[in-house]
Each structure stands twice: as structure tokens, then as C-alpha cells.
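Notes to accompany the following structure.
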Amino acid sequence: MKPTLLKLKDLHTDYGPIEALKGISLEVREGEIVALIGANGAGKSTALMTISGALAPRHGRIEFLNENIAGLPAHEIVGKGISHVPEGRRIFPRLTVRENLEMGAFLRRDRREFESDLAATFERFPILKERQAQLGGTLSGGEQQMLAIGRALMARPKLLLMDEPSLGLAPIVVSKIFEIIREINRLGKTILLVEQNARAALSLAHRGYVMETGRIIMDDEAKALLLNPRVREAYLGEA
Ligand SMILES: Nc1ncnc2c1ncn2[C@@H]1O[C@H](COP(=O)(O)OP(=O)(O)OP(=O)(O)O)[C@@H](O)[C@H]1O
Ligand SMILES: [Mg+2]
């Protein structure tokens, strides 16, 4: 079995009086795509934001490569090798495509490495190369998602956190984005993928966790979850 990259232990995160995470534990092993699925408000985004340091947990551990990173500031967590592709993309609309990608690499000083990573990003996303001088805000939703993914990869992460990459995109663009995710994983990146599109996420993932109101209620091989009657009824729209 591959070594564990990320391990959450009894993680609690609050928004003031609201307990959004009520003690979640999960792990992601090297090379995996792990899907985190669940209804609106289950706490999926909160989980990713807590891992990436956008939110501080009230309690619990976040072990990354056997080090507890819970509560570290976000830029230190990026430096340790975790990049977050947030819900709603959050690209910088008034910066150019190229500047957006530069922001992803802001922690790195080496110019040559930067240029070669930029070239690799443009090779993976030719549309971003074409549009490199255009403002981020003028891109289509799918292109913005590619930019958000490209920007996250510019930090050379070991672990990629992706929050609803398919949200609001046309079906044909959704399949393209999922293809890109599969390819990124095939080339060696470990991915924790949050999706409301549970069928697509579980079809792509190796394993999955199901969240309900701040707790993990199920976890299994992705194939098994796709066949699980409870999952099928609640999350795959089957009676
Ligand atoms: N900034 C906030 N302030 C207060 N409560 C919040 C805030 N953000 C989220 N919450 C609450 O925390 C809970 C978890 O929200 P979260 O956004 O993590 O869910 P989610 O699973 O990502 O949902 P969605 O599928 O809609 O993206 C919800 O009850 C939500 O209302
Ligand atoms: Mg969310």
C-alpha cells in the first residue's frame, strides 16, 4: 500500500457558533484521487479550507507527510506542498492569464524553473497560452477553471485540493475538466476532490468519503460507493 500523504484526525472547524466540521477523520495516500462528496452545506469546502489554512481548526490534527500542519498560515501550507483550487475558481479577474499563473508560483524564486513550469502549463492548456495576455475575468467558465488548476500546479504541489471543479460548467466542458483531472493524476499528482457531481467524482476516484452535516458517514472504494444503495439513492439520484 502507498504511503499516507494526508491524514485528518478528529478535525473540528467552526464559524462562530456554527460547527461546520464536527470531527472528521480521513486519509489520502500518495497517488490517489480521493473524492469527498455530500449535499449542500455538508462541510466539504470547510474541510478543504481548513486543510489549506484558509480557516483554522478548533480541534484536531492535519498530518501532511507526518507533520501536523493544523493552524499554520496558508502560505506556509502552500510551501509544504498543498495547493487549493477553490470553489468558484477565484482567479484574479483584473490580472492577465500569465500574471495569474505567476501568482501561483509566488513562493518560488528560481526563474528558470518558473519558465519551464509555465511552458508545461501552456502545453497542458494551449488555450491559456493563446490567451496569456488577456485579463482573467474575460475567460469563459471552463477556461477560468483551467486557469485555476494551472495556477495551483505552478506551486508544484504534492497534493491538490479541488473544490467543485465542474460547478456551473456546460456538460461538454465538465467532461474536459474531468479528463484533465485524470491526466494530472496519471502524471503523479495526488488529489482530494470535492464534488456535488458524485457520479463523475466517484467514477474518477480511487476511494471516496461521504459527508453529512459536518461528519463523515461512509467511506469505501469508489467502485463500491457507486454500487452502494444508500449512496445511489441520496447522491446519485436513483430511487
Ligand atoms: N462564512 C461562513 N459563515 C458561517 N457559516 C458558514 C460559512 N461558510 C459556510 N458556513 C456553514 O458551514 C456549513 C458547511 O458549509 P460548506 O460551505 O463547507 O459546505 P459544502 O459541503 O461545501 O456545501 P456546498 O456543496 O454548498 O458547497 C454550512 O452549514 C454553511 O452554512
Ligand atoms: Mg462547497
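Take R230, project a point 7 Å from its Cα along the Cβ direction, then tell me which residues of the stretch 193-213 have their backbone nitrogen under 16 Å from it.
Residues passing the 16 Å test: 208-213.
When the Cα centres of the stretch 98-148 and the stretch 1-53 are compared, how far apart do they sit, in Å?
So the two Cα centres are separated by 28 Å.
Rg to Rh for the chain: what is it, with Cα atoms only and Rh by Kirkwood? Show your work: numbers first, answer last.
On the way: Rg = 17.3 Å, Rh = 18.1 Å.
Taking Rh as the inverse mean 1/r over Cα pairs, Rg/Rh reads 0.96.
Just subtract the alpha-carbon distance of T4 and A39 from 0.36 nm times their residue separation and send over the number in nm, one decimal. List each step's numbers first, then the result.
Details: separation 35, 0.36 × 35 = 12.60 nm, distance 2.69 nm.
The span from T4 to A39 would gain 9.9 nm if fully extended.
Just subtract the alpha-carbon distance of T96 and N68 from 0.36 nm times their residue separation and send over the number in nm, one decimal. All intermediate terms of the calculation are to be shown ahead of the outcome.
On the way: separation 28, 0.36 × 28 = 10.08 nm, distance 3.58 nm.
Contour length minus the Cα-Cα distance gives 6.5 nm.
Using only alpha carbon pairs under 8 Å that are at least six residues apart, calculate the relative contact order of the stretch 1-76 and give it in whole percent. Let's see the in-between values first.
Values: 134 pairs, mean separation 27.3, N = 76.
Reported as a whole number, the value is 36 percent.
Using only alpha carbon pairs under 8 Å that are at least six residues apart, calculate the relative contact order of the chain and give it in whole percent.
Details: 470 pairs, mean separation 64.5, N = 239.
In percent, rounded to a whole number, it is 27.
Among 221-234, 49-62, how do they line up from the highest to the lowest mean number of other beta-carbon atoms within 10 Å? Could the numbers behind the result be given before it?
On the way: 221-234: 15.6, 49-62: 19.2.
In descending order of packing, they fall as 49-62, 221-234.
Just the Cα atoms of the stretch 183-239, one point each, no solvent: what log10 I(q)/I(0) does Debye give at q = 0.15, 0.31 Å⁻¹?
Here the Debye-derived log intensity ratios amount to -0.43, -1.43.
In straight Cα distance, which lysines are under 27 Å from K80, not counting same-chain residues fewer than 8 positions off?
Excluding near neighbours in sequence, the set is K2, K7, K9, K22, K44, K158, K189.
Can you give the helix-only mean residue ellipticity at 222 nm for the chain, where every DSSP H stretch with n ≥ 4 adds -39500 (n - 2.57) and the sum goes over all residues, rounded to the nearest 500 deg cm²/dmol? Don't skip to the answer; put the middle values down first.
On the way: 10 runs with 92 residues, N = 239.
After summing the helix terms and dividing by the residues of the chain, the value is -11000 deg cm²/dmol.
Please report the relative contact order for the stretch 101-239, taking Cα pairs under 8 Å with a sequence separation of at least 6, and give it as a percent rounded to a whole number. Write down the numbers at each step before the final one.
On the way: 132 pairs, mean separation 24.3, N = 139.
Across the stretch 101-239, relative contact order equals 17 percent.
Restrict the search to the stretch 108-168; then list the trypsin sites (Lys or Arg not before Pro) that DSSP places in a loop and that have at most 11 other Cβ atoms within 10 Å of their Cβ.
R109
So if I average 1/r over every pair of distinct C-alpha atoms in the stretch 98-239 and take the inverse, what Kirkwood radius in Å does that give?
Details: mean 1/r = 0.0606 Å⁻¹.
With all distinct Cα pairs of the stretch 98-239 included, I get 16.5 Å.
Each value in this text was obtained by applying a stated rule to the coordinates, not by laboratory testing. Since we're looking at a predicted model, the values are computed, not measured. Note that each Cβ is placed from the backbone with ideal geometry, even for glycine, and that neighbours are counted across all protein chains shown.
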